[in-house]
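Structure first, commentary second.
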Amino acid sequence: MKRIRLFLVNMGVHTRSFPIVTAPMGLLSIAAYVRPKMPVDVMVVDQRLDNLTPDEVIRQAVDFGADVVGFSPVTSSVHGLPVLAQKTRVALPNALILVGGPHASAVCGAILEETCADIVVKGEGEAATEMILRAWAEGGRDFGGIPGIIWRDSAGELVHNPGVTPLIEDMDQIPIPAYDLIEFPRYWASQSAVPLHNRRYASLVTSRGCPYHCVYCHNTFGKTIRMFSAERVAEELAHLQKSYGISDFEFHDDNFNFKPGRVIQICEILKQRDIQTRFAFPNGLRSDLLSNEVVDALVSAGMYQCCMALETGSPRLQRFILKHMDIPKLLGWAEYITSKRVFVNLLCMMGFPTETEEELRATIDVAASSACHTANFFTVTPFPGSTLYETVRREQPEKLAKIRYDDTDITAMRVNLTDLPDETLFYYQRLALRRFYMNPRRIFRLLRAHPQPWILPGYIPILFFRATKDLLPSPTDKRPGQTH
């Protein structure tokens, strides 16, 4: 088998309004998976980290001598794919161009209709990439034997292979990500999903898939949850600590605590091996699956920050979005976790289809009554691949047409899926920020518990802007519909 040079690109840019940059874990996992299985050299380029122009990306691909070029865009960066693919085709006319990742998994064949790419990989990428590379190394362009992928045949026609892209059922078969392909300190200098500065940290994903059916969420890895074993998680933490001096970890699992026994076992192994750690959970812990034993184990192992996903304070909308969160349980666990001196952020969403003013106020009331230190009040946004997106496309196509996804700060997208006037929805978002943060007791607790309180003044202008922008009501800021 001839040696292949595989060039992988994490697409996008970071901006002042949306500065978050984390290591491209999916690409690093693919690299780690294929390297021991075949003669392949891999280079990973993070366009988002460096804000590279398309020409700069292609220059690196040419210098590397890439045989296969793989692009991984999210929805907010996919607008740059046609140019990157075309420039790749011109500069490397014989290279195979792959596209994968969340957006590709959502729109599938549309990627090939809009670009000159050769193959789209839906869902999990490791096994499919290995199969593609083997077929390519054998000198052919027939990929018909790889389940679930979409590819362009020699006549330029799109072929949708039957079946499902191969999933790796035993997650422990996936090696530790190829961290040697990135420069960790460059990520430490950027803002991660945890808004703290100068952290010597690593991001990890220890499970794939989600058994829940929340309408706003993706389905990239399927509805069956697969997890690394507790021993495998501890092994990766130990490797990162020994090789890179990292003891601060943030977990990006959709369901880290889905199996409480695994959580406790991870913490016990870390204690047995004397692996000193700090944990953050920016993607959230499933609140109604928590227990005293799980929380105490995580705190003992070093949990210092976590998010809790409320989404909505309306029981009706909890059923509508299929979240089914037990709100009193969430509030109780927020109280318990903050009592352990863990910094807790609450995640809320406002603007679901059919949402009423009463339900918007319910979300604000729940958030304001919680023990959480901070809260985000995101605008509900339908992303391709979600049930919500299909519902809006079917029932509110005129609203979908107004959404711009191209490198937009998703924390400040201004779309209104409700039947309420725009000014009403956005008024309640501003009110939510004021009600939550303009509480002297909360401000005191926030200052006391924040891991880096000295950085908080820098967020005051951002908070002020988001709490006061688009002030469509009168200068008295009366509630829409209120009379003098």
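Measure nothing but the geometry: give the 0 to 90° angle between the long axis through the Cα atoms of 25-34 and the longest principal axis through the Cα atoms of the chain, rounded to 10°.
Tilt of helix 25-34: around 30 degrees.
Say R0 is 35 Å: what FRET efficiency, to the nearest 0.05, do ILE455 and LYS2 get from their beta-carbon distance?
The formula returns an efficiency of 0.10 here.
Karplus couplings for region 191-202 from phi (6.51 cos²θ - 1.76 cosθ + 1.60, θ = phi - 60°), rounded to Hz, Gly and Pro as x?
Karplus values, whole Hz, x for Gly and Pro: 8, 8, 5, 9, x, 10, 9, 6, 9, 8, 10, 9.
Which whole-number value in Å² is the accessible area per residue of the chain, probe 1.4 Å?
43
Of LEU425, TYR179, SER154, whose Cα points farthest to the positive end of the dipole of the chain (charges on the beta-carbon: +1 Lys, Arg; -1 Asp, Glu; origin at the Cα centre)?
Highest projection toward the positive end goes to LEU425.
Nearest 0.05, what FRET efficiency do LEU447 and GLU157 give at R0 = 51 Å with Cβ-Cβ as r?
So, using R0 = 51 Å, E works out to roughly 0.25.
Long-range amide H contacts for ASP41: which residues qualify at under 5 Å (H placed 1.01 Å from N, peptide plane, sequence gap of 5 or more or a different chain)?
Amide H to amide H, under 5 Å and 5 or more residues apart or across chains, ASP41 pairs with ILE4, ARG5, LEU6.
Say the dipole of the chain comes from +1 at the beta carbon of Lys and Arg and -1 at that of Asp and Glu; which of VAL83, ILE269, PHE377 then lies farthest toward its positive end?
Of the options given, the answer is PHE377.
When a/c reaches 1.5 or more, the comparison of a/b and b/c decides; with that in mind, is region 51-164 rounded, prolate or oblate per its Cα gyration tensor?
In terms of gyration-tensor shape, oblate.
Given 0.36 nm per residue, what is the gain on full extension from ASP326 to ILE168 after removing their alpha carbon distance, in nm?
53.6 nm
Which value in deg cm²/dmol, rounded to the nearest 500, describes the helix-derived mean residue ellipticity at 222 nm for the chain, given -39,500 (n - 2.57) per DSSP H run of n ≥ 4 and division by the residue count?
-11000 deg cm²/dmol
On C-alpha positions alone, give me the angle between the axis of helix 292-301 and the longest principal axis of the chain, in degrees, nearest 10.
60
Tell me the carbon and sulfur percent of the accessible area for region 21-134, rounded to whole percent, probe radius 1.4 Å. Don't skip to the end; give the middle numbers.
Details: 1930 of 3700 Å².
That share works out to 52 percent.
Can you compute the radius of gyration and Dmax for region 1-55, using only the Cα atoms, both in Å?
Both quantities, over Cα of region 1-55: 13.6, 47 Å.
What is the dipole size for region 91-179, taken about its Cα centre, with +1 at each Lys and Arg Cβ and -1 at each Asp and Glu Cβ, in debye to the nearest 20?
Details: 4 positive and 13 negative charges, 44 e Å.
Magnitude of the dipole: close to 220 debye.
What Rg and what Dmax come out for region 112-192 when only alpha-carbon atoms are used, in angstroms?
In Å, with Rg to one decimal and Dmax whole: 16.2, 47.
Can you tell me the length gained on complete extension of the stretch VAL83 to SER369, counting 0.36 nm per residue apart and subtracting the Cα distance? Please report the intermediate quantities before stating the final value.
Values: separation 286, 0.36 × 286 = 102.96 nm, distance 4.87 nm.
My answer for the length gained is 98.1 nm.
Under the definition of Cα pairs under 8 Å and six or more residues apart, what whole-number percent is the relative contact order of the chain?
So the answer I get is 12 percent.
Sort by residue number and report every cysteine in the chain with no other cysteine beta carbon within a distance under 4.7 Å.
Isolated Cys, the chain: CYS108, CYS116, CYS210, CYS267, CYS306, CYS307, CYS348, CYS372.
Among 264-271, 43-50, what's the highest-first ranking by average C-beta atoms within 10 angstrom per residue?
Ranking the peptides 264-271, 43-50 by packing returns 43-50, 264-271.
Enter the angle in degrees (range 0 to 90, nearest 10) between the Cα long axis of helix 260-272 and the first principal axis of the Cα atoms of the chain, meaning the one along which they spread out most.
Tilt relative to the chain: about 80 degrees.
Rounded to the nearest 20 Debye, what is the dipole magnitude of the chain about its Cα centre when Lys and Arg each give +1 and Asp and Glu each give -1 at the C-beta?
Values: 52 positive and 53 negative charges, 255 e Å.
Computed about the Cα centre, the dipole is about 1220 debye.
Explain nothing, just the number: dipole magnitude of region 198-274 about its Cα centre with +1 on each Lys and Arg Cβ and -1 on each Asp and Glu Cβ, in debye rounded to the nearest 20. Before the final figure, lay out each step's value.
On the way: 11 positive and 9 negative charges, 24 e Å.
The dipole magnitude comes to about 120 debye.
The values are calculated or read from the model by the stated rules, or taken from the named source; none is laboratory data. Being a predicted model, the structure only gives us computed values, none of them experimental. Here Cβ is always computed from backbone atoms with ideal geometry, including for glycine, and neighbour counts include all displayed protein chains. Protein only, heavy atoms only, side chains kept; ligands, DNA and RNA dropped before computing areas. Shrake-Rupley method; radii C 1.70, N 1.55, O 1.52, S 1.80 Å.
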